[in-house]
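The values are calculated or read from the model by the stated rules, or taken from the named source; none is laboratory data. Just so it is clear, the structure is predicted and the values come from calculations on it, not from any experiment. So basically every Cβ, Gly included, is an ideal-geometry build from the backbone, and we count neighbours across all protein chains shown. Protein only, heavy atoms only, side chains kept; ligands, DNA and RNA dropped before computing areas. Shrake-Rupley method; radii C 1.70, N 1.55, O 1.52, S 1.80 Å.
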Amino acid sequence: MDRVVESETPKLESLLSTEERRIISRHDVYGIRDQYVSADESLYHPFVGDDLLLKPLRFDLRNSLYVCILWAKHPGVLGRHRHRSPVTAYTLEGAWRYAEYDWIARPGDFVQENPGVIHTLIAEQGMKTLFFVNGSLEFYDERDALQNTMDVFSFLDMYLCHCEARGLAINERLIF
């Protein structure tokens, strides 16, 4: 159980102006609360087959942002796709790359993906990577025909359907 620890240091008088205190107080009415999600509050669910899984951490419906951990249990491929907005990634475990580039992302590596390029994600040996996916994600076949478009609502639906089909609790704190 969490408990609040009272500070033993006397509270000092704020130097914020009356206007700044008023502006900050608007958060109590209109702001979105800060969130903490422990490691066991979200679950991995299938994305592509049983070997490519997603662990949702945030569904930001206002800003079309999906934050997740992509886990390739084994070497594998996420098909050809294009982002319509920036995507950032931080590699946690394993290694991955894009077939179209000459780098390999390993633990601790950061990747900035800019919109507009079609690329193919290859998990070299399995991997876990934290992704911040903005906007839509379009999937293409080898002849560049559009096969599917996904966005934060698609990923949310995938998570909800997975939970509902298995009678699992939906963590609504992930959705804001």
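Here are the numbers:
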| item | result |
| --- | --- |
| Whole-percent carbon and sulfur share, accessible surface of the chain, 1.4 Å | 52 |
| Nearest 10 degrees, 0 to 90: helix 152-166 Cα axis against the chain principal axis | 90 |
| Amide H partners (placed H, <5 Å) of PHE47, local residues excluded | LEU52, LEU53, LEU54 |
| The chain: relative contact order in percent, alpha carbon pairs under 8 Å with at least 6 residues between | 22 |
| Given charges at beta-carbon only (K, R positive; D, E negative), |dipole| of the chain in Debye | 160 |
| Per DSSP, loop chymotrypsin sites (Phe, Trp or Tyr not before Pro) in segment 54-103 with at most 14 further Cβ within 10 Å | TYR101, TRP103 |
| Distance cut-off 18 Å, percentage of C-alpha pairs in segment 124-176 lying past it | 54 |
| Spread of Cα-to-Cα distances over 10 Å intervals beginning at zero, given as percent, for the chain | 8, 30, 30, 16, 11, 4, 0 |
| For the chain, accessible area per residue (1.4 Å probe, heavy atoms of protein chains only), Å² | 65 |
| Degrees between helix 18-30 axis and first principal axis of the chain (Cα, 0 to 90, nearest 10) | 50 |
